[in-house]
């Protein structure tokens, strides 16, 4: 469905309305912003009601509310559930923002010559879920929707969607659908449209290794007792082999190698290794032997140390052998890898291989399953056609290295696949100072979403 005439007439208003939404500091991680988060939920509900949706609710949860709305076009028609989140990351460090994070400002950039909207949440995810609201408005201005549409916009995504499972489990009938449409991902680059077809899973662990019962003088005790930092370094070194593979016994048991055709299709994504290294000031890349850099970061499981600490780290010197050493470690997983099973393998390995004179305690944190949408799924085919329609070229399928655990949750609880049709870029600085979202991307998303409904309904 072509909504460009309506979009051209009302785009300035659409942008102003997004700015008003961005002025609300809906930081879910900080209790100081609790009132603003709840206010934002109500504002989202008001927008959904204003465009003509029915059953608009600000639904209570043990945490922040979920906003629900629906448009029921008729029995027998497919149902699309739109998911997004109205909460945002903290804006810290504030001193690195060129303009205040909750005072939206339009500026041009080399990647966004038509201007980008700078504000916390501009891309993640207010700007992206609001595209769906405005797309529905544009469709309804011309006539009825071709299918049933439901909205579920939550307020806790940036803190792990702690209560979303609670909400979904209690509202399966209300949320029943044929497919879920999400714009919380991105595209490869300007002029290179893409659709995210997969996400890695996650198992996040914390390690505490203990040696002596107190910090010791490194001169009096060095060489005679185990140093927890040395021991932890040895343990961490044992987690990879010489070929860059994760060395946990059983780690790869459920991993399926992708067939050459699928690898070739995913390999269509443009990638310049030299530019990649230059952008990160790298002399070289590393990773599992036999795979490209993009494959290592997208379709293969990994293990990385996210933090390691212990002993004295202040100014000057303090000659101690610390009593304890700590590390936080994340494992990105691929389809069929059970995050709980992988966490147990990790714990077993560390406990069984603790260096002499030390003890290890492993604490699992959050995790989630990987997700893949098959290329022949009707929702993916509709998204592919919609993106091709508005961009004038075929989108590239992309397996993201990141994790969105709720996507696997939706598949389990609602028995529906999610279509990850985002319009941001990696360069849009989500979670960082000076987050922004290109106005051209915002417009293109509003233009593309109606075509998704058209093609999904037609089949």
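In this structure, does residue 438 turn out to be touching a helix residue (DSSP H, G or I) at 6+ places or on another chain (Cβ under 8 Å) and either on the phi > 0 side of the Ramachandran plot or modelled with pLDDT of 95 or more (or both)?
Working: touching a helix residue (DSSP H, G or I) at 6+ places or on another chain (Cβ under 8 Å): yes; either on the phi > 0 side of the Ramachandran plot or modelled with pLDDT of 95 or more (or both): yes.
So residue 438 passes the test.
If I filter region 40-76 down to residues being without any contact (Cβ under 8 Å) to a residue 60 or more places away in the chain and farther than 17 Å from residue 133 by Cβ, which single residue comes out as surrounded by the most Cβ atoms within 10 Å (Cβ to Cβ)?
Step by step, filter region 40-76, then rank; the result is 60.
Anything in region 118-137 that is buried (at least 24 other Cβ atoms within 10 Å of the Cβ) and over 23 Å from the mean Cα position of the chain (by Cα)? List them, or say none.
136
If you go through region 195-214 one residue at a time, how many are surrounded by fewer than 23 Cβ atoms within 10 Å (Cβ to Cβ), in contact with a strand residue (DSSP E or B) (Cβ under 9 Å, 6 or more places away or on another chain) and over 27 Å from residue 366 (Cβ atoms)?
Final tally of qualifying residues: 1.
Among the residues of region 147-193, which ones are in a strand (DSSP E or B) and surrounded by 23 or more Cβ atoms within 10 Å (Cβ to Cβ)?
Across region 147-193, the qualifying residues are 149, 151, 152, 153, 154, 179, 180, 181, 182, 186.
If the requirement is being surrounded by fewer than 24 Cβ atoms within 10 Å (Cβ to Cβ), under 24 Å from residue 111 (Cβ atoms) and in contact (Cβ under 8 Å) with a residue 12 or more places away in the chain, which of these qualifies: 365, 431, 436, 377?
Values: 365 fails: under 24 Å from residue 111 (Cβ atoms); 436 fails: surrounded by fewer than 24 Cβ atoms within 10 Å (Cβ to Cβ); 377 fails: under 24 Å from residue 111 (Cβ atoms).
The unique qualifying residue is 431.
Which of the residues that make up region 263-290 are without any contact (Cβ under 8 Å) to a residue 24 or more places away in the chain, more than 24 Å from residue 190 (Cα to Cα) and surrounded by 13 or more Cβ atoms within 10 Å (Cβ to Cβ)?
285 - this is the single residue of region 263-290 that is without any contact (Cβ under 8 Å) to a residue 24 or more places away in the chain, more than 24 Å from residue 190 (Cα to Cα) and surrounded by 13 or more Cβ atoms within 10 Å (Cβ to Cβ).
Surrounded by 20 or more Cβ atoms within 10 Å (Cβ to Cβ), under 30 Å from residue 456 (Cβ atoms) and assigned by TED's automatic domain parsing to the domain that holds residue 223: which single residue out of 333, 350 fits that description?
Numbers: 350 fails: under 30 Å from residue 456 (Cβ atoms).
Step by step, each of 333, 350 is checked, and only 333 is surrounded by 20 or more Cβ atoms within 10 Å (Cβ to Cβ), under 30 Å from residue 456 (Cβ atoms) and assigned by TED's automatic domain parsing to the domain that holds residue 223.
Could you look through region 223-233, keep only residues that are touching a strand residue (DSSP E or B) at 6+ places or on another chain (Cβ under 6 Å) and over 30 Å from residue 255 (Cβ atoms), and pick out the one that is surrounded by the most Cβ atoms within 10 Å (Cβ to Cβ)?
228
The values are calculated or read from the model by the stated rules, or taken from the named source; none is laboratory data. Bear in mind the structure is a predicted one, so any value in this text is a computation, not a measurement. Here Cβ is always computed from backbone atoms with ideal geometry, including for glycine, and neighbour counts include all displayed protein chains.
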